[in-house]
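Following: one structure in structure tokens, then a few remarks.
The values are calculated or read from the model by the stated rules, or taken from the named source; none is laboratory data. Because the structure is a prediction, the values reported are computed rather than measured. Cβ atoms come from the backbone with ideal geometry, glycine included; neighbour counts cover every protein chain shown.
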Amino acid sequence: MKMQWMRALRMIYLLGLVGAAAPIHAQEAAVTDVGERFYYEHVLPRLVENGCSECHAAGYLRPNVGLYSDVLRRLAIGDSPLNNAVIYKIANLRSIAPDRPNHPGGQRCASVEAEPCKTIMRWWLIEFGGKEGQP
Ligand code: HEC
């Protein structure tokens, strides 16, 4: 009886991971800031689509993509839409060799023009680009 219960709990847990988009989106409710809103409405869905949340929302790997502030902190390292720590990682820029990605999760954008890099670059403009970045 106890084993069955454990298995049921495990199933619920696994299903929760597969449907990670739902609990993450719940955070939208309290959002007022333009950049933060853009993150939850446009960036996060692209990241979930790409599978980032399978590693980066499990609770132990930084950044937690379910937390705006966690990803913003990396976006702030650099000085342009292309030149920042988030894009470096997932577009595999500044890697020692193309077959050795600098991101353990691999190259996630086929090019910087592809999603989710494209939307992340728009997000950079909103956060740090002044007027031109207004959505
Ligand atoms: C297969 C698992 C996996 C996937 C999928 C994955 N990553 Fe990662 N990522 C990692 C690991 C492991 C690290 C190294 C974490 C560390 O150094 O603490 C990392 C590091 C990073 C870092 C640097 C963190 C830091 O503080 O140095 C960023 C930014 C990042 N990932 C963003 C993303 C984004 C955005 C996506 C989706 C487009 C993604 N990752 C998909 C495993 C993954």
**Q.** Qualifying positions in region 59-84 - within 13 Å of the ligand (Cβ to nearest atom), surrounded by 16 or more Cβ atoms within 10 Å (Cβ to Cβ) and more than 12 Å from the chain's Cα centre (by Cα)
**A.** GLY78, ASN84
Q. Taking region 62-71, which residues are within 14 Å of PRO116 (Cα to Cα) and assigned to a helix (DSSP H, G or I)?
A. VAL71
Q: Taking only region 28-43 into account, find how many residues are at pLDDT 95 or above and small (Gly, Ala, Ser).
A: 1
Q: Mind listing whichever residues of region 85-127 are in contact with a helix residue (DSSP H, G or I) (Cβ under 8 Å, 6 or more places away or on another chain) and away from the ligand (no atom under 14 Å from the Cβ)?
A: ARG122, LEU125, ILE126, GLU127
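So that you can scan it fast, the table gives a plain yes or no per residue for (1) exposed (fewer than 15 other Cβ atoms within 10 Å of the Cβ); (2) touching a Gly at 6+ places or on another chain (Cβ under 6 Å):
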position	(1), (2)
LYS89	no, no
ILE96	yes, no
ARG100	yes, no
GLY105	no, no
ALA110	yes, no
MET121	no, no
LEU125	no, yes
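A quick yes/no check of all residues on (1) in a loop (DSSP other than H, G, I, E, B); (2) at pLDDT 95 or above; (3) in contact with an Asp or Glu (Cβ under 9 Å, 6 or more places away or on another chain):
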position: PRO23; (1), (2), (3): no, no, no
position: CYS55; (1), (2), (3): no, yes, no
position: TYR60; (1), (2), (3): yes, no, no
position: ARG73; (1), (2), (3): no, yes, no
position: ARG94; (1), (2), (3): yes, no, no
Q: Report, by residue number, each residue of region 120-135 that is at pLDDT 95 or above and under 18 Å from ARG73 (Cβ atoms).
A: ILE120, MET121, TRP123, TRP124, LEU125, ILE126, GLU127, PHE128
